[in-house]
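What follows is a short report on a single structure.
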Amino acid sequence: VRNDAPGDLAPRSSTRPVDEGAALRESLLQELPEIPARYLYDDKGSELFERITELSVYYQTRTEIAILENAAVDIVARARPRHLVELGSGAGRKIRLLLDALRTHGQGATCTMLDINELFLLQSIDRLSVDYPTFAFRGIVGDFLTDLGRLGPAGERLLVFFAGTVGNLHPDERRSFLGELAQRMADSDALLLGVDLVKDPARLEAAYDDPEGVTAAFNLNVLSVLNRRFGGDFDPSGFRHRAFYDRENAWIEMRLVARRRQDVRLAALDLGLDLDAGAEIRTEISCKFTRASLEACAAEAGLSIDRWYTDPEDLFALALLRR
Ligand code: AVJ
């Protein structure tokens, strides 16, 4: 999607590629059945996540924005980017803080946004193009796990990956993602990575199980996504939301727990799931970091922390990483 030329939208295939179905099938047949987190973000899921970001218990979004408000000028002065590239753009609010800093310092030329949700991407690009007419915006409908090759040439870029979404990746996925990203970076590129920090487990668990049940609805919505996309007959009322902090892995897990015995079919995957009462399906992990653990992840990918921006309560951090 360009604001000045016919878009380069990823082909929206009507039939899901077989490998996607096969991967989901394999994931559901594991000892602990798992639904990859990307299925959480259909239009309804993305809308529910936007509501989550406004919940008082979900401190991450407002904290990251506050850090960015204080750090944007320093980040831009250090990275001196001509190009912004945002992975997983959501509603485009945070990128504005960097665009403002770039505009003030007369820098920056293009802004590329990669997001899996076409609707959100189109809306963000439209709004940003009006508000920042001196920048050229480009939207790419894709997945940050597989489409890093479509982000354009390396050099003088500030790549941003906000919200702690890097924490959604399993450690082995995260290793290969950061490794691939680092390989595609030039020495004049920088990566700004938002990470949620290790803290009191009660505070973490509260952020993923709000009393209003918005997170529960977000989690349960994934069953409707699977029903629609893979001809499933999940009954969402037959499951309840569960979120807990796994200290050993330093990650929050979201799971769906079967309230009763039920047989579920996913016709497009030729798959049947016989679930006993109490059976669990994992739907997301959200890894939590310390500066040291992030330093180690970055080093494995060949990156180092150039700057570490955090808030007074050490709830969240933005790390500026370079080769
Ligand atoms: C958008 C992946 C960063 O892991 O905190 C919010 C998603 N899941 N509440 C997170 C989420 C449950 C969020 N990320």
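Structural remarks
- Each Cα pair under 8 Å and six or more residues apart adds its separation to the average, and for segment 206-323 the resulting relative contact order is 17 percent.
- Solvent-accessible area assigned to carbon and sulfur over segment 195-307 amounts to 46 percent, based on a 1.4 Å probe.
- Among the protein heavy atoms, those of ASP210 account for about 10 Å² of accessible surface (1.4 Å probe, every chain in place).
- CYS297 exposes around 20 Å² of accessible area when a 1.4 Å probe is run over every protein chain in place.
- Dividing the mean sequence gap of close Cα pairs (under 8 Å, 6+ apart) by how many residues the chain holds gives a relative contact order of 21 percent.
- For segment 59-89 versus segment 201-230, the gap between their alpha-carbon centres in whole angstrom: 27
- Calculated [θ] (222 nm, deg cm²/dmol) that DSSP helices of n ≥ 4 give over the chain, each run adding -39,500 (n - 2.57): -11000 deg cm²/dmol
- Remark: accessible surface ordering of ASP126, ASP147 (largest first) is ASP126, ASP147, probe radius 1.4 Å.
- Based on alpha carbons, the Rg and Dmax found for the chain are 19.8, 62 Å.
- Along the axis of the charge dipole computed for segment 193-323 (Cβ charges of +1 for Lys and Arg, -1 for Asp and Glu, origin at the Cα centre), the listed residues ALA207, LEU320, TRP308 are led at the positive end by LEU320.
- DSSP-defined antiparallel bridges as percent of all bridges, the chain, nearest 5: 60
- C-alpha center-to-center spacing [segment 271-323, segment 178-196] in angstrom: 15
- Assuming charge only on the beta carbon of Lys and Arg (+1) and of Asp and Glu (-1), the dipole of the chain about its Cα centre is about 580 debye to the nearest 20.
- Close amide H partners of ARG307, meaning residues 5 or more places away or on another chain with modelled amide H under 5 Å apart, are LEU320.
- The modelled label-to-label distance between LEU29 and ALA77, using points 7 Å beyond Cα along the C-beta direction, is 5.7 nm.
- Using θ = phi - 60° in the Karplus curve 6.51 cos²θ - 1.76 cosθ + 1.60, the 3J(HN,Hα) couplings for segment 54-68 round to 9, 5, 4, 6, 8, 6, 4, 5, 5, 5, 5, 5, 5, 4, 5 Hz; x is entered for Gly and Pro.
- Stretch gain in nm, segment GLU280-ARG175, where the contour uses 0.36 nm per residue and the Cα spacing is subtracted: 35.1 nm
- Were the residues from SER304 through ARG265 laid out at 0.36 nm apart, the gain over their Cα-Cα distance would be 9.4 nm.
- Segment 57-216, relative contact order [Cα under 8 Å, separation at least 6], %: 26
- Positive-end extreme of charge dipole, the chain - chosen from ALA37, GLY155, THR53 (charges on Cβ): GLY155
- The chain, accessible area per residue, ligands and nucleic acids excluded (1.4 Å, Å²): 43
The values are calculated or read from the model by the stated rules, or taken from the named source; none is laboratory data. Since we're looking at a predicted model, the values are computed, not measured. Neighbour counts run over all protein chains shown; Cβ positions are idealised from the backbone, glycine included. Quick note on the areas: whole protein, heavy atoms, side chains included, nothing else; ligands and nucleic acids left out. Shrake-Rupley method; radii C 1.70, N 1.55, O 1.52, S 1.80 Å.
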